[in-house]
Amino acid sequence: MGQSSSTVGAPTELNRREFFPSNRFNFRSSAVVPEFEPNEEFAEADFLENVVAGLDYTADLPDECLASIFHFLGSGDRKRCSLVCHRWFRVDGQSRHRLSLNAKAEILSFLPSLFARFDSVTKLALRCDRKSISIDDDTLVLISLRCPSLTRLKLRGCRGLSDRGMELFAQNCKGLKKLSCGSCMFGAGAMNAILDHCTALEELSVKRLRGLHDAADPIGPGAAASSLKSICLKDLINGQCFGPLIIGSKKLRTLKLIRCLGEWDKVLGMLGNFNPGLIEIHLERVHVGDVGLYSISNCSNLEILHIIKTPECTNFGLVCIAERCRLLRKLHIDGWRTNRIGDEGLMAIANQCPNLQELCLIGMNPTYLSLAPIATNCPKLERLALCGSATVGDPEMACIATKCVALKKLCIKGCPISDEGVEALAWGCPSLVKVKVKKCRGVGGEVVERLRERRGSLVVVLDACEIEPLDGSGSEVGVQESSMEFPLIGNQITDASSSFNGRLTTMFRTKFGFFASRNLVPCTFRRWSNGDDSLNGDS
């Protein structure tokens, strides 16, 4: 980075060759190097004496510019740069806004010196493993006093924190905008303290909060309800105690309920009346039925909906969504092989949601009756995934190829299609850039060559090994694994057919299918990143 050693010896022949690989370069900066004399050896030595010896090329660089450069470095590179000189050490400490600490109890004695150096921290992560003793209330209070400008806090495994410690922290860090806590022992009292004192809170993520129980006090709405925009609840025993907060957050835009026990229809029943700005809802493995979907349909601005493994939901609920949420852009449904959502609900989506851009259907059995209207009435459909469907065959593939003009990315997994169905894509879908075909026994490697001849720029990922036993359990990691985007790799076609080792793996999976058949979605979407105008929420 331009910082040289404090003492430099006489230049060697090797050093001169490194600085002057050729005599055809003519250095004319009189402020640094005098004009070349006929004696080139003297000129080179004079250049090294004036330029290299003890000069710091970043001395004239303002601290603000140096700090801006540091922000582009990774964690390891930035740590090494901070050891170059006293100035870089100082600038790094003053400009470092993000810090991640191992939240063991032993860290208490190091905090004064640590935050004396890093006095501008606004984003802090505290993580402690299960086998260690985590920080306690006193440590958290000390951190809050040292970081009064904290805007983001992430707590993981901090089991030594109580409601009292969180309350004192909230009183000292009233500018907090984002809180994410997981595997902690505090409960409703801590949450209410955060909501009462942190009036600028915008994002709240709670996962495996051990202090919540059936007799827990209601949480919210509090003063933060006027600014809260995103709520994510995961793996909670009594998540319904957040009901007052959810209903009272007038500016709420994103709501995610993932693996939370209890009945949620009553909580969702008041969403549309009090949360008109809600545009994204994720429901995974929660007890929600058609009553809940009907209530969600009151959110007329809804654009993104994920219904993952909610067996109580039927066509009736999806029809209500389609009729009243006409701005819907992204729809993910994992039917869990219950066949309670089918052509009727999908036809309603096709007729009422013309802005649909992304559709993911897992463990469902759509037919030509619903896929044809979707392809015809949704001209903006760009991403489509059909997984684990026994009714998607060559006629459905031909329909997709003929009518999905805007389709760019397609994933077919575990469906009874053949080479004929895949080859139909060679003559249709003019905007198609990538296709994934996995676990379809009727598709062979020869179709790749035919697609190459017809459409050389199309990227095809083909896995034609024997289909695994599927139980429709879908993704264990929830909606984050069900995103549909994947980057364009290049103008080439890749044949990912299984090798000898792959066939052995398939044989063992077939023999022991009961143990190897749990995950369908992660295999399909693991490499697909959620790119186009996605609305995030952290876990």
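The values are calculated or read from the model by the stated rules, or taken from the named source; none is laboratory data. Since the structure is predicted, the reported quantities are computational estimates derived from the model, not experimental observations. Here the Cβ is made from the backbone with ideal geometry for all residues, glycine too, and neighbour counts use every protein chain on show. Heads up: the accessible areas ignore ligands, DNA and RNA and are worked out on the full protein's heavy atoms, side chains in. Shrake-Rupley method; radii C 1.70, N 1.55, O 1.52, S 1.80 Å.
The numbered conditions (1) touching a Lys or Arg at 6+ places or on another chain (Cβ under 9 Å); (2) at pLDDT 95 or above; (3) within 23 Å of Asp235 (Cα to Cα); (4) aliphatic (A, V, I, L, M) are all true for Met166 except (1). Taking the listed residues Lys234, Lys177, the one that is closer than 23 Å to Lys266 by Cα and among the charged types (D, E, K, R) is Lys234, with no other qualifying.
Among strands (runs of 3 or more DSSP E) entirely within the stretch 98-206, having at least 3 residues that are more than 28 Å from the chain's Cα centre (by Cα) singles out no element at all. Of all residues in the stretch 207-229, those satisfying the criterion of being small (Gly, Ala, Ser) and open to solvent by 10 Å² or more (accessible area, probe 1.4 Å) are Gly211, Ala215, Ala216, Gly220, Gly222, Ala223, Ser226, Ser227. When Glu423, Glu358, Glu396 are checked against the criterion of being touching a Leu at 6+ places or on another chain (Cβ under 8 Å) and in contact (Cβ under 8 Å) with a residue 60 or more places away in the chain, a single residue qualifies: Glu358.
The rows are residues; the columns are (1) crowded, with 20+ Cβ neighbours inside 10 Å; (2) in a loop (DSSP other than H, G, I, E, B).
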{"residue": "Ile231", "(1), (2)": "yes, no"}
{"residue": "Cys241", "(1), (2)": "yes, no"}
{"residue": "Leu245", "(1), (2)": "yes, no"}
{"residue": "Lys256", "(1), (2)": "yes, no"}
{"residue": "Thr310", "(1), (2)": "yes, yes"}
{"residue": "Phe316", "(1), (2)": "no, no"}
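Filtering the stretch 286-308 to residues that are over 17 Å from Arg259 (Cα atoms), outside any strand (DSSP E or B), of a type outside the set (Gly, Ala, Ser) and touching a Lys or Arg at 6+ places or on another chain (Cβ under 8 Å) leaves Asn298, Glu303.
Residues in the stretch 365-386 that are open to solvent by 50 Å² or more (accessible area, probe 1.4 Å) and part of a helix (DSSP H, G or I): Tyr368, Leu369, Thr376, Asn377.
In the stretch 321-364, the residue that is farthest from Tyr294 (Cα to Cα) out of those that are in a helix (DSSP H, G or I) and open to solvent by less than 10 Å² (accessible area, probe 1.4 Å) is Ala350. Among the residues of the stretch 4-19, are any outside any helix (DSSP H, G or I), small (Gly, Ala, Ser) and modelled with pLDDT of 50 or more? So far as the stretch 4-19 goes, no, none of its residues is outside any helix (DSSP H, G or I), small (Gly, Ala, Ser) and modelled with pLDDT of 50 or more. Quick one: would you say Glu203 is surrounded by 18 or more Cβ atoms within 10 Å (Cβ to Cβ), in contact (Cβ under 8 Å) with a residue 40 or more places away in the chain and among the acidic types (Asp, Glu)? When the stated conditions are applied, Glu203 passes them. Only residues that are in a loop (DSSP other than H, G, I, E, B) and either closer than 15 Å to Val461 by Cα or under 29 Å from the mean Cα position of the chain (by Cα) (or both) were counted across the stretch 387-416, and they come to 9. Restricting attention to the stretch 169-181, the residues being open to solvent by 40 Å² or more (accessible area, probe 1.4 Å) and over 20 Å from Lys234 (Cα atoms) number 3. For Glu263, the requirement of being of a type in the set (D, E, K, R) and within 25 Å of the chain's Cα centre (by Cα) is not met. Checking the structure you have, find out if any residue of the stretch 64-78 is without any contact (Cβ under 8 Å) to a residue 24 or more places away in the chain, exposed (fewer than 15 other Cβ atoms within 10 Å of the Cβ) and under 15 Å from Leu114 (Cα atoms). No, the stretch 64-78 contains no residue that is without any contact (Cβ under 8 Å) to a residue 24 or more places away in the chain, exposed (fewer than 15 other Cβ atoms within 10 Å of the Cβ) and under 15 Å from Leu114 (Cα atoms). Within the stretch 120-136, residues that are modelled with pLDDT of 95 or more have Cβ atoms under 8 Å from residues that are in a loop (DSSP other than H, G, I, E, B) and of a type in the set (D, E, K, R) in these pairs: Cys128/Arg159; Ser134/Arg159, counting only partners at least 6 apart in sequence or on another chain.
Residues considered: Cys198, Cys184. Of these, the only one that is open to solvent by less than 10 Å² (accessible area, probe 1.4 Å), touching a Leu at 6+ places or on another chain (Cβ under 8 Å) and over 27 Å from Gly93 (Cβ atoms) is Cys184. As for the stretch 265-275, it holds no residue that is among the aliphatic types (A, V, I, L, M), touching a residue at least 60 places away in the same chain (Cβ under 8 Å) and open to solvent by 10 Å² or more (accessible area, probe 1.4 Å). Among the residues of the stretch 417-463, those that are open to solvent by less than 20 Å² (accessible area, probe 1.4 Å) and under 30 Å from the mean Cα position of the chain (by Cα) comprise Cys429, Leu432, Lys434, Val435, Lys436, Val437, Cys440, Leu458, Val459, Val460, Leu462.
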